[in-house]
1. Under 17 Å from the mean Cα position of the chain (by Cα) and either on the phi < 0 side of the Ramachandran plot or not assigned by TED's automatic domain parsing to the domain that holds residue 292 (or both): which single residue out of 382, 378, 360 fits that description?
2. From the list 184, 241, which residue is in the same structural domain as residue 402 (by TED's automatic domain parsing) and either at pLDDT 90 or above or in contact with a helix residue (DSSP H, G or I) (Cβ under 8 Å, 6 or more places away or on another chain) (or both)?
3. Counting only residues that are under 18 Å from residue 250 (Cβ atoms) and without any contact (Cβ under 8 Å) to a residue 40 or more places away in the chain, how many does the stretch 307-324 have?
4. Considering 347, 369, which residue is more than 18 Å from residue 231 (Cβ to Cβ) and not assigned by TED's automatic domain parsing to the domain that holds residue 134?
5. Please state which one of 108, 125 is at pLDDT 90 or above and in a helix (DSSP H, G or I).
6. Given the criteria within 23 Å of residue 357 (Cβ to Cβ) and part of a helix (DSSP H, G or I), does residue 141 qualify?
7. Is it the case, given these coordinates, that residue 131 is crowded, with 18+ Cβ neighbours inside 10 Å, under 18 Å from residue 344 (Cβ atoms) and either assigned by TED's automatic domain parsing to the domain that holds residue 353 or in contact with a helix residue (DSSP H, G or I) (Cβ under 6 Å, 6 or more places away or on another chain) (or both)?
8. Which one of 372, 388 is surrounded by fewer than 24 Cβ atoms within 10 Å (Cβ to Cβ), closer than 12 Å to residue 253 by Cβ and modelled with pLDDT under 90?
């Protein structure tokens, strides 16, 4: 137990503050989304309308993750972009709580998802910037664990408040604005900008190595006009890493697929089927923290093999489970692989990106993740609709391919050079 607390002492205060802000934001989002679909139904939105809105807004959300990363690098102020995204999230709660008009509901949804897209990239870039090189895995695991815990807590708060206030959706929206507002206060007044001119001497020495042409060119590049051309400056090792992530994400369908399959196969009511979610989230929270120190001591290839192995194993359990209890074991393993791989990917995106391009790097990572999950969920949903468990066979097969490709890509990475 003492060793656990000793490791936590190595986490910088900025990482703790960003992680707490992330907890509050995800808590707010979970409260918001737990009841938002029911709220739309209460003001006579059709399912078709809700589906169209979700599709358009989610696509814009992931696009803004790339844009916010590039902008935060250009402005050299990740905190400002982080705060702006959180402000949009906070205002969305106020707007939907104050008006029942259709336009207000759509505007609140748009602002929430765009705010989420804007804040997530600079958030992780800040964690990467201020994490000690030998503790990056631990720092990202703390951020992942607290963020996921916020989602779990927010969902329970929404359920309890909705029951207490007798289906008063506005009360939930007002309450959801509180943690978002507190997070905004922390970001504005407690978190320092990590891309300031007062860098450590070690970081300053590392800057010429990042660009290969000296510190003067580093400053000139930061002063260039805003451009997406900065994406091309990310090196070969980074793109090899992104290739491995892209392949892996093709097996990562959404948790909705798991819930629907469990409900159908075991003939469950909605309440019992939803038990998959706390099992999934708790496993994610625990694994996200536990794997942090392991990520710091292990090669990317080795942990990718373990993560992909969990994907294969959990899918095999989904296919062969004879009871819902056994099925939940597979759900827990799915949560474990998520905690492992999310921490691993964020850590190595930081390793393979220079500080001046870290926001851009995380933007690319989130875009690739979104495309992979979208494709995996689409293919898996189609297969499950037509052939049932074939969706899990597909995911397990892609997971096995990912294991092979991680070995190949690991050998192609030149020197495993890491940025300070």
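The values are calculated or read from the model by the stated rules, or taken from the named source; none is laboratory data. Everything numeric in this text was worked out from a predicted model, so none of it was measured. Cβ sites come from the backbone with ideal geometry, for glycine too, and all protein chains shown count toward neighbours.
1. 360
2. The match here is 241.
3. Total meeting the criteria: 3.
4. The unique qualifying residue is 347.
5. Details: 108 fails: at pLDDT 90 or above.
125 is the lone residue from the list that is at pLDDT 90 or above and in a helix (DSSP H, G or I).
6. No, not satisfied.
7. Values: crowded, with 18+ Cβ neighbours inside 10 Å: yes; under 18 Å from residue 344 (Cβ atoms): yes; either assigned by TED's automatic domain parsing to the domain that holds residue 353 or in contact with a helix residue (DSSP H, G or I) (Cβ under 6 Å, 6 or more places away or on another chain) (or both): yes.
For residue 131, the condition - crowded, with 18+ Cβ neighbours inside 10 Å, under 18 Å from residue 344 (Cβ atoms) and either assigned by TED's automatic domain parsing to the domain that holds residue 353 or in contact with a helix residue (DSSP H, G or I) (Cβ under 6 Å, 6 or more places away or on another chain) (or both) - is met.
8. Working: 388 fails: closer than 12 Å to residue 253 by Cβ.
The conditions single out 372.
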